[in-house]
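Notes to accompany the following structure.
Coordinate-derived values only; no laboratory data. Source: prediction; values computed, not measured. Because the Cβ atoms are built from the backbone with ideal geometry, glycine has one as well, and the counts that use them run over all protein chains shown.
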Number of protein chains: 2
Amino acid sequence: MPNNTYVIGLDLGGTNIRGAAVDRSGKLWGFRKFPTEVQKGKTRVIRNLANLIWEIQQQYPNKRLVGVGAGVPGTIQFEKGIVTRSPHFPDWKNVHLRKELALYLDLPFMVDNDANMAAIGERWKGAGKQKTNFCMITLGTGIGGGIFLNNRIFRGDHGMAGEIGHMTVHPDGYLCGCGNTGCWELYASANGLIRLAEELKTNSNINVSRKGKKKRVQSSLISPDGLGKLADRGDPFAISVFKQYGRYLGIGIANLANVLNIDTFVIGGGVLGSWGHFADSARREIRRRAYVFIGKKVDLRKALCGDSAGILGAALTVYDNI
Amino acid sequence: MPNNTYVIGLDLGGTNIRGAAVDRSGKLWGFRKFPTEVQKGKTRVIRNLANLIWEIQQQYPNKRLVGVGAGVPGTIQFEKGIVTRSPHFPDWKNVHLRKELALYLDLPFMVDNDANMAAIGERWKGAGKQKTNFCMITLGTGIGGGIFLNNRIFRGDHGMAGEIGHMTVHPDGYLCGCGNTGCWELYASANGLIRLAEELKTNSNINVSRKGKKKRVQSSLISPDGLGKLADRGDPFAISVFKQYGRYLGIGIANLANVLNIDTFVIGGGVLGSWGHFADSARREIRRRAYVFIGKKVDLRKALCGDSAGILGAALTVYDNI
């Protein structure tokens, strides 16, 4: 590391905690990954976080750690450092993460929603560079959103802005875990992609082989990656699933473009490997649905920082606030 | 007027141009209304605008006019003073309104979308007072939106933010004039209310009188005001229409709340007279659909400035920019 001081950025997921030292120029050092161990409860997760910080610190005994940032899925009270609720941590209710970590760490600690952190990371080093306004969309179990307006993340009245996955796109659609019906993320997340594949598998005739025999698509292949591989090989069923998926993705992006007149949408998350199979379909849908002049300007982009986006964003949030 | 200088605020509608002198404290003076005369073409509309300004000026010969602001429906390039397109003025295409008015008026002139102007007016003197973030929603022929974020109107990348009426709420719904299908304004504008009434009239059994005879709701009564009067009298058909209308209104507001985590939504426009018949239904729908913590906080309010909101906003925009 070139500098004498550094920050640690953390990305707290349902399966793993990932973290690294980040220098002032945005380079990552000493990356570490620990299992989150959600099932062992809140105290264990927080101890794992502290251990991961400690392990990274051990690698740089001659450098000074000046702060830690973390991205956490869920609704966060940014100013206070409180995780209000998190879909991956059902036992977390108004967890004062800043206070709890202070038992282990006597340094500035910032926490924000993981999609916000990814947006901040992509703007620093990735596809959102120098954009005054842009929206980061992460396609995973659900759909996360981080909205950059006038050069800063927009958090809204209570730090919960960006719940874009819960826009209603089908008033009488599927029931969502949030209590609503027809949320966008039920159709356009990675999980939505799988649901769509299952649905089309049941309803369509596409999966009939040329010899006329019913050729069932193997269930094990119905994962985002599996579907992507099928589509790579030219499988018409997989191709049609991604086309339909792109349409659903486009509906929500067109809504956001209409409301905010943002041109730049950066797409990240688990489905990104199949970008080529759904991006054009999404773009067509956006042009069709967004208000005339708005739709023409929309620039749909792949995220560039991959798994590092959240770590970078968490680190920059600390650098910007100390 | 107490001050020696004043600004004129204008509201350019499809039927009338309305304007007044506005003093620094936000009081309206010498209100005037002219027919717009859209059918006589762009040059005539602009001359009417100039005449209205002149007539207001004549009333205050000892005061000095220092600028003019106007709200215009459509997509506006605020910085340049250009009306890109306007649904009410089909012959207006990239009309440089600032330049055209300069033939008559040698003073600063600002033009913005009418819903933005209404939002600015409501924040100055009405239901949006002192709000850091709020969204003004005008329910008319379509649905207009003006979004206040971090204490200023948010215009997006090209000054077109707030096209909230064109969010898709039914992917395969009615065809909208914008080319999309299932736009929110087809269901939740004043026109949407009428469509809903027509639909329910055809499909339901509600309009069967107690004596068992089919009692057709008179077509002439199917106007927002007519329906409102019916509902006031306890008519079950009209009441059910408003209830359903409130649901549609709530869908879009829940979407906006999810995306922006804005608490305050100020509702204006032609349907406001029937507020009591649809507000609770809209609130229920918002609580049902918005993300848990977000929905609880939503504060749905009636606009307070009525027809003056746009004039006030246009005037304040000038005061803030000269």
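Quick look at the values:
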item	result
Cα long-axis angle, helix A:236-260 against chain A (0 to 90 degrees, to the nearest 10)	60
Nearest-ten-degree value, helix A:42-59 long axis tilted from longest Cα axis of chain A	70
Nearest-0.05 FRET efficiency for A:Arg152 and A:Lys297, computed from C-beta distance (R0 25 Å)	0.70
DSSP-defined beta bridges in the protein assembly as shown - what % are antiparallel, rounded to 5	55
Sorted by Cβ density within 10 Å, fewest first, the residues B:Cys176, B:Cys135	B:Cys176, B:Cys135
Helix A:114-125 vs. chain A, principal-axis angle (Cα, 0 to 90°, nearest 10)	80
Net length gained if the chain between A:Gln39 and A:Asp225 were fully extended (0.36 nm per residue, minus Cα distance)	64.3 nm
DSSP beta bridge pairing in the range A:131-302, given as percent antiparallel to the nearest 5	50
Cα lying deepest toward the dipole's positive end in the protein assembly as shown, options A:Ile267, A:Gly246, A:Asn113, charges on Cβ	A:Gly246
Reachable lysines from B:Lys80, criterion Cα separation under 26 angstrom, eight or more residues apart if same chain	A:Lys131, A:Lys296, A:Lys297, B:Lys40, B:Lys42, B:Lys93, B:Lys99
Estimated distance in nm for a label pair at B:Lys99 and A:Asp232, the labels positioned 7 Å out from Cα along Cα-to-Cβ	5.4
Exam field: A:Asn16 pseudo-label spacings to other copies (7 Å along Cα-Cβ), nanometres	6.6
Across B:Lys27/B:Lys129; B:Lys27/B:Lys125; B:Lys33/B:Lys63, pairs whose alpha-carbon gap is larger than 18 Å	B:Lys33/B:Lys63
Ascending list, in nanometres, of distances separating the B:Glu79 label from those of the other copies (7 Å, Cα toward Cβ)	3.2
Share antiparallel - DSSP beta bridges, chain B, percent rounded to 5	55
The protein assembly as shown, helix-only ellipticity at 222 nm - DSSP H runs n ≥ 4, -39,500 (n - 2.57), divided by all residues, nearest 500	-12000 deg cm²/dmol
